[in-house]
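Visitor: I'd like to ask some things about the structure below.
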Amino acid sequence: MSNEPGNPTTNMTLEEQRDWVGEQFDAAIAASGVADGWFKSRPTIPWSKAAIDRDGVLNMSFPRDCGLGGRLIVSLKNLSADDPIAAAAKVRAFWESEGWAVSNIRSYESDPYFRADGEDGAQMAFQASPEGMSLEVVTACSVNNTVTNWQLHSETEQDSEKQLEHPNSGAEE
């Protein structure tokens with residue numbers, strides 16, 4: 001991690017960032033006690049243990065600028081929980097127990113909205129109301145080439161996949 005004032009950076013690859021987001025979602029969801037009903041909107045993709053769902057959420061996430069690097073910002077929603085307010089309290093307690101610096105964004109008891117900040121610049125946020133809840137995970141800023149040049153990395157990856165699918169394409173017959 002860089003110690004540049006105001007802009008800590010890591011060297012996480014895009015794949016590592018996506019894996020980290022998935023791990024944070026899994027941990028917060030487990031802590032909430034609400035295992036089912038989580039989804040990413042626009043387009044709607046469920047969050048589950050199924051690889052196709054996880055890949056659909058994570059592989060559609062691309063870095064946003066953050067100073068010298070890029071970071072992922074990914075959100076999930078849940079509109080089917082029996083008690084979103086109780087779930088929020090459990091997530092807050094979990095993040096505090098994990099050493100995150102947790103603070104209120106808004107402190108209404110009936111509508112909690114709080115964030116957790118990591119020393120490396122990573123952030124998470126949780127918002128709940130009687131109608132549902134949302135969970136956001138933001139990676140630390142990374143200066144890794146797969147993050148800062150993700151478009152090029154993505155095109156190279158797609159070309160490699162095409163070559164694996166059609167190894168003789170472009171070859172003379």
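The values are calculated or read from the model by the stated rules, or taken from the named source; none is laboratory data. All values derive from a computational prediction rather than experimental measurement. Because the Cβ atoms are built from the backbone with ideal geometry, glycine has one as well, and the counts that use them run over all protein chains shown. What goes into the accessible areas is simple: the full protein's heavy atoms, side chains included, and nothing from ligands, DNA or RNA. Shrake-Rupley method; radii C 1.70, N 1.55, O 1.52, S 1.80 Å.
Visitor: Rolling a 1.4 Å sphere over the protein heavy atoms, what is the accessible area per residue of the range 40-148, to the nearest Å²?
Guide: I get 52 Å² per residue for this part.
Visitor: Once amide H atoms are built 1.01 Å from N in the peptide plane, which residues 5 or more positions from Cys141, or in another chain, come under 5 Å H to H?
Guide: Residues meeting the amide H criterion: Thr10.
Visitor: Follow-up. Under the rule a/c < 1.5 gives rounded, and otherwise a/b versus b/c splits prolate from oblate, where does the range 1-71 land using the Cα gyration tensor?
Guide: Prolate, since a/c reaches 1.5 and a/b exceeds b/c.
Visitor: Follow-up question, since we're still on this one. Once you put a point 7 Å from the Cα of Ser129 and another 7 Å from the Cα of Thr13, both along the Cβ direction, what distance in nm separates them?
Guide: Label-label distance for Ser129 and Thr13, simple model: 4.1 nm.
Visitor: Convert each backbone phi in the range 13-21 into a coupling constant with the Karplus relation 6.51 cos²θ - 1.76 cosθ + 1.60 (shift: θ = phi - 60°), then list the ³J(HN,Hα) values in order as whole Hz, x for Gly and Pro.
Guide: Karplus-based 3J(HN,Hα) across the range 13-21 equals 6, 4, 5, 5, 4, 4, 4, 5, 4 Hz.
Visitor: Post the alpha-carbon centroid distance, the range 93-141 to the range 5-75, in whole angstrom.
Guide: Cα centres, the range 93-141 to the range 5-75: 15 Å.
Visitor: Here's something else I'd like to know. Compare Tyr113, Tyr108 by solvent-accessible area with a 1.4 Å probe and give them largest first, with all protein chains kept in place.
Guide: Sorted by accessible area, descending: Tyr108, Tyr113.
Visitor: Sort the range 1-128 into rounded, prolate or oblate with this rule: let a ≥ b ≥ c be the square roots of the eigenvalues of the Cα gyration tensor; rounded if a/c is under 1.5, and if a/c is not under 1.5, prolate when a/b is larger than b/c, oblate otherwise. If you can, show how the numbers build up before the last one.
Guide: Details: a/c = 2.00, a/b = 1.19, b/c = 1.68.
Here the range 1-128 falls in the oblate category.
Visitor: Once phi is turned into θ = phi - 60°, what whole-Hz ³J(HN,Hα) does the Karplus curve with 6.51, -1.76 and 1.60 give for every residue of the range 87-104, x standing for Gly and Pro?
Guide: So the J values, rounded to whole Hz, are 4, 4, 4, 5, 5, 4, 4, 5, 4, 4, 5, 8, x, 6, 7, 9, 9, 7.
Visitor: In addition: Largest first, what is the accessible-area ranking of Lys40, Lys77 with a 1.4 Å probe?
Guide: Largest to smallest exposure gives the sequence Lys77, Lys40.
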